Amino acid sequence: MLGSMLTATSLLGMAHVASAAGSTLFVSSYNSKVTTLNVGADACKAGSPVPKLQTVAESSGCGESPSWLTLDHTKGLLYCVDEQLQSSGGALASFKTNADGSLKSLAKVNTSSGPVSIAVYGKGGNGLALAHYGGSAFSTWDATDPSHLVNIQTETYKFTKPPADPPRQTAPRPHEAYLDPTKKFIVVPDLGTDELRLYAVGADSLTTTKLDSVAAPAGSGPRHVDFVKRAGSTFMYLVTELSSQIVGYKVTYPADGKIAFKQLWVMSAHGWDKPTPKQAYASEIVVSPDQRFAIVSSRNENSFTVPNFDPSNSTQIVSDPLINFRIDDEGGLTAVQEVAAGGKYPRQFSLNKAGTLVAVGLQNDNRVALIKRDPQSGKLGGFVGYTELGGQITSVIFNE
């Protein structure tokens with residue numbers, strides 16, 4: 001069956017879990033807003049149709065094209081980057097999160113153009129690392145005082161050799177900044193140069209030191225990564241946008257204080273036995289909190305249809321997939337399930353810390369979909385919430 005239905009009993013249980021696991025979502029979209037959605041017990045009540053998530057607050061303080069959100073929950077701080085698609089610039093903004101879901105703007109600074117990712121790093125979690133897709137750059141910022149963001153370093157990349165896919169790799173395109181499990185290294189997948197750029201984090205400062213890059217498969221277009229620790233070993237998964245694949249690496253930490261990657265395998269974003277459609281673009285990978293499963297999203301496949309969330313509309317929703325994998329002790333992935341993401345172009349998604357909910361940002365449908373997940377089996381279930389906002393969704397994260 002395409003999609004699945006929940007029983008009243010399971011939905012009641014879901015309502016309790018949602019209330020306990022975190023009551024709000026922060027959503028960025030290209031409508032110039034960061035929106036706070038209620039996902040507490042009242043938003044996930046049992047019954048049909050699927051409950052509509054209610055907006056509890058909005059902020060336009062990030063700028064014209066908010067593209068990524070990162071939360072420092074301990075400090076009550078939210079960071080947002082503005083891709084500035086219309087003006088071809090870039091900006092970084094900081095906010096104080098309030099108990100009612102509203103945001104208080106603290107600071108906003110100009111950056112290199114086209115920022116699309118933020119990682120919190122460094123001593124005290126006071127550093128911010130940004131990947132700039134549009135500006136072919138990597139930058140770091142001192143957020144010790146979140147009301148006064150200070151640029152530390154900015155590095156602009158250039159081609160050092162011809163790209164493998166010139167029509168689609170027109171410039172270096174860093175797509176993410178991601179902290180490794182030791183919090184001593186930053187990985188920057190570069191879609192335009194087919195490499196993983198690496199930086200070492202200073203032990204007592206917020207400076208970073210550039211290390212040798214790691215080559216990814218030619219023409220693959222590295223996009224996003226996530227790490228997993230299993231049976232005493234560390235592995236990293238890279239999702240590639242242009243080839244729509246997953247690349248598995250074993251990660252080690254040599255005595256010289258650096259980080260090393262050994263490529264283990266390359267497979268389709270759908271797994272070993274199912275090729276990815278030529279028109280597909282894999283986008284995100286997230287490892288479950290218990291390190292037992294990994295979920296991948298793929299765009300432009302249109303492989304599912306699900307009932308319309310609006311009960312007055314009989315038109316079926318066309319949806320791209322989420323692909324669910326089991327992780328073994330050697331870091332291998334086995335596909336166990338594919339489900340509808342809830343619409344088109346699942347650009348980014350997040351799991352809550354309890355592993356009971358998946359929030360999906362569906363860029364081309366301007367929609368957020370909330371999906372039930374069983375943390376014991378790892379299986380994804382039906383939809384327990386949704387909403388549609390006035391712009392393309394770029395990221396959605398739980399406030400926890």
Quick one: which residue in 339, 396 is touching a residue at least 12 places away in the same chain (Cβ under 8 Å) and more than 13 Å from residue 324 (Cα to Cα)?
396
Looking only at the stretch 32-68, which residues are at pLDDT 95 or above and part of a loop (DSSP other than H, G, I, E, B)?
32, 53, 60, 61, 62, 63, 64, 65
Here are 292, 299: which of them is open to solvent by less than 60 Å² (accessible area, probe 1.4 Å) and basic (Lys, Arg)?
299
Open to solvent by 30 Å² or more (accessible area, probe 1.4 Å), among the polar types (S, T, N, Q), over 24 Å from residue 373 (Cα atoms) and at pLDDT 95 or above: does that describe residue 316?
no
Against the definition (among the small types (Gly, Ala, Ser), touching a residue at least 40 places away in the same chain (Cβ under 8 Å) and more than 27 Å from residue 233 (Cβ to Cβ)), how does residue 332 come out, yes or no?
no
Tell me the residue from 340, 335, 294 that is modelled with pLDDT of 95 or more, farther than 20 Å from residue 228 by Cβ and among the small types (Gly, Ala, Ser), please.
340
Checklist (1) assigned to a strand (DSSP E or B); (2) within 16 Å of residue 61 (Cβ to Cβ) applied to residue 141, failing item:
(2)
Taking the stretch 204-219 only, how many residues are of a type outside the set (Val, Ile, Thr), within 19 Å of residue 177 (Cβ to Cβ) and in a loop (DSSP other than H, G, I, E, B)?
3
Within the stretch 279-289, count every residue that is closer than 19 Å to residue 168 by Cβ, within 16 Å of the chain's Cα centre (by Cα) and either open to solvent by 20 Å² or more (accessible area, probe 1.4 Å) or at pLDDT below 95 (or both).
1
Only one of 282, 294, 255 that is assigned to a loop (DSSP other than H, G, I, E, B) and of a type in the set (A, V, I, L, M, F, W, C):
255
Just the residues that are open to solvent by 10 Å² or more (accessible area, probe 1.4 Å), modelled with pLDDT of 95 or more and under 13 Å from residue 31 (Cα atoms), please, taken from the stretch 69-92.
83, 84, 85
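The values are calculated or read from the model by the stated rules, or taken from the named source; none is laboratory data. If you're wondering where the values come from, they're calculated on a predicted model, not measured in any experiment. Note that we place each Cβ from the backbone using ideal geometry, even for glycine, and neighbour counts take in every protein chain shown. These accessible areas exclude ligands, DNA and RNA; they are computed on the full protein's heavy atoms, side chains included. Shrake-Rupley method; radii C 1.70, N 1.55, O 1.52, S 1.80 Å.
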